[in-house]
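Quick notes on the structure that follows.
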Amino acid sequence: MTDFSRTPAAGLDVLDRWLEAVVATPGLTALRDPADARRVLLEDALRAVPLVAAESGPVLDVGSGGGTPGIPLAAALPDRGVTLLEAERRKCDFLETWTDELPNLRVVWGRAEEQSVEQFGVAVAKALAPPPTAAEWCLPLVREGGAAILWVGPSAELARIDAAAERLAARVESAESGLVVVRKLGPTPPGFPRRPGVARKRPLG
């Protein structure tokens, strides 16, 4: 069971209303059962709170979609700046409606490959792309010494994630309960990020 003790009471109220809005808004999730949505979109996101809290610096949610995991993390960690990066304008419009509720939250419309590199202490990605591709989108945006945290399924191949990470001056540091921490060991190598669309077509791992 997810521990909500870290999340302030005001944050829990925001999360309840956000979850209802995600389920009610077409195009944000295929989940319609409130219990399923809470488990997948909220509770699963909050599992990463201890890992994110252990890192320093601002947080980036790459491909935020309807706001998971970024909005749950922003509510649970009100002292940390959280940026939601999303390529679809309509989804950004939805995300923007929560910035008044969570002062530490901001929204950026754009693609990962088009952002300035090495801005963030930690980047997170959930249900974004196959893990090697998600790692390639996240790691250039993380500062040296920071980390990318990826939600992965049981079939994820750590060797492939590590192979991609190595190309990006990083390595898999830990993998437990479907959360993989990839540590950035050096500056982003020349040639990265690759042009938009290349990481998905020609993954590193």
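Can you tell me which residue in the range 145-184 is most open to solvent (accessible area, probe 1.4 Å), limited to those that are of a type in the set (Asp, Glu) and assigned to a strand (DSSP E or B)?
My answer is Glu176.
Per-residue answers, yes or no, for (1) farther than 15 Å from Trp18 by Cβ; (2) touching a residue at least 40 places away in the same chain (Cβ under 8 Å); (3) crowded, with 24+ Cβ neighbours inside 10 Å; (4) within 13 Å of the chain's Cα centre (by Cα):
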| residue | (1), (2), (3), (4) |
| --- | --- |
| Ala53 | yes, yes, no, no |
| Leu60 | yes, yes, yes, yes |
| Gly65 | no, yes, no, yes |
| Thr68 | no, yes, yes, yes |
| Arg80 | yes, no, no, no |
| Thr83 | yes, no, no, yes |
| Phe94 | no, yes, no, no |
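Exactly one of these conditions fails for Ala21: (1) buried (at least 17 other Cβ atoms within 10 Å of the Cβ); (2) touching a Leu at 6+ places or on another chain (Cβ under 9 Å). Give me its number.
(1)
Hey, does the range 125-134 have a residue that's assigned to a strand (DSSP E or B), closer than 15 Å to Glu55 by Cα and within 14 Å of the chain's Cα centre (by Cα)?
no
Can Val117 be described as within 20 Å of Arg143 (Cβ to Cβ), among the β-branched types (Val, Ile, Thr), open to solvent by less than 20 Å² (accessible area, probe 1.4 Å) and modelled with pLDDT of 95 or more?
Criteria not met by Val117.
Return yes when Val142 is in contact with a Cys (Cβ under 8 Å, 6 or more places away or on another chain), open to solvent by less than 10 Å² (accessible area, probe 1.4 Å) and modelled with pLDDT of 95 or more and no when it is not.
Criteria not met by Val142.
Go through (1) among the hydrophobic types (A, V, I, L, M, F, W, C); (2) in contact with a helix residue (DSSP H, G or I) (Cβ under 6 Å, 6 or more places away or on another chain); (3) surrounded by 19 or more Cβ atoms within 10 Å (Cβ to Cβ) and name the single condition Leu31 misses.
Of (1) among the hydrophobic types (A, V, I, L, M, F, W, C); (2) in contact with a helix residue (DSSP H, G or I) (Cβ under 6 Å, 6 or more places away or on another chain); (3) surrounded by 19 or more Cβ atoms within 10 Å (Cβ to Cβ), only one is false for Leu31: (3).
The values are calculated or read from the model by the stated rules, or taken from the named source; none is laboratory data. Source: prediction; values computed, not measured. Cβ coordinates were reconstructed from backbone atoms using ideal geometry, including for glycine residues, and neighbour counts include every protein chain displayed. The protein model used for the area step is the full one, side chains on, heavy atoms only, and it has no ligands, DNA or RNA in it. Shrake-Rupley method; radii C 1.70, N 1.55, O 1.52, S 1.80 Å.
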